[in-house]
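Just so you know, all these numbers are worked out from the coordinates, no wet-lab data involved. Only a predicted model underlies this, so the values are computations on that prediction, with no experimental measurement involved. Quick reminder, even Gly has a Cβ in these numbers, built from the backbone with ideal geometry, and neighbours come from all protein chains shown.
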Amino acid sequence: MARHLYELCGADPDRVFSPFCWRSRMALAHKGLDFESIPWRFTETDRLAFAQHAKVPVLVDGDRTVADSWTIARYLDEAYPDRPSLLHGRPEPYRFVAAWNDAVLQPGIARLIVSDIPPLLREAERSYFVASREKRFGMTLDQVTADREQKLPAFRATLQPLRLALAHGPFLGGDAPDYADYIVFGSFMWARSTSPLSLLEEGDVVLVWRERLLDLHGGMARRSPCFGA
């Protein structure tokens, strides 16, 4: 059965960098499900009309079309209950992790790396990205990330809840990874795919955790085009 995942990329179709697409990528690998990546770019909303959705990820699994990373994770657990579970028990703890990630971690990363993204895009997508993000931030992208090395200590301090959670096991899911890990890892893959800036210091338990995730599923994430920071 054909399985396709529509994912955000730039000029290089192999450089997938959406944090939400990485959540779904890792979820499919967790389930041991093969898929073909379908490159999608910011200005190609018409290509998702079949899904009645304007953003990726979109999963096409045989005759099923599923949009949104959270919905995809729920669908995979329901459709493939005989494979390793992504969401154990009630969904609320995972929703909390997603809320912290989307409200704290992802915006913090954006303020450090957003100016590195335009060079990775084609001209049409670059114009859209710069205009939309400068409107969102109310300043140029270079102004957003100005003096970013000096901002790193404050960003790293926001990771303390993640460090405390990882004190209880190698993964947020405990002894083995689950969807909580993939939610947070997606944000770090976004940074790793688009920016040479090193967000994490050597010896940080978060860096050790990220390295574990990079090696999961045959090293799928580590092999992806990245700056390696």
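Listing for the model above:
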quantity	calculated
Check: the stretch 92-223 dipole with +1 on Lys, Arg Cβ and -1 on Asp, Glu Cβ, in debye	300
Mean Cα-pair separation over length for the chain, i.e. relative contact order, pairs under 8 Å, 6 or more apart, %	25
Eligible lysines near Lys31 by straight Cα distance, threshold 28 Å, same-chain separation 8 or greater	Lys55
Stokes-Einstein translational diffusion, the stretch 115-162 - Kirkwood Rh over all Cα pairs, 0.692 mPa s, 37 °C, in µm²/s	268
Among Pro13, Pro177, Pro161, residue whose mean-square fluctuation peaks in a GNM of the chain (springs only between Cα atoms under 10 Å)	Pro161
Theoretical gain in end-to-end length, Arg64 to Phe96 [0.36 nm per residue, Cα-Cα removed]	8.7 nm
Tail weight of P(r) past 25 Å, computed on alpha-carbon pairs of the chain, percent	40
Net lengthening on full extension, Asp12/Glu36 (0.36 nm per residue, minus Cα-Cα)	7.0 nm
Leu164-Ser198 FRET efficiency (beta carbon distance; Förster radius 25 Å; 0.05 resolution)	0.65
Taking Asp181, Asp68, Asp102 and counting other C-beta atoms within 10 Å, the order from fewest to most	Asp102, Asp68, Asp181
Two-decimal Rg to Rh for the stretch 3-79 - Kirkwood Rh, Cα set	0.93
Selection of chymotrypsin sites (Phe, Trp or Tyr not before Pro), the stretch 125-229, meeting DSSP coil and at most 11 other Cβ within 10 Å	none
Against the rule of thumb 2.2 N^0.38 Å, how large the Cα Rg of the stretch 92-223 comes out	1.11
Computed over the stretch 135-229: relative contact order in percent, which uses C-alpha pairs under 8 Å that are six or more apart	25
Pair Glu78, Gln52: separation of 7 Å Cα→Cβ label points (nm)	1.4
Estimated [θ] at 222 nm from DSSP helical runs (n ≥ 4, -39500 (n - 2.57)) normalised by residues in the chain, nearest 500	-14500 deg cm²/dmol
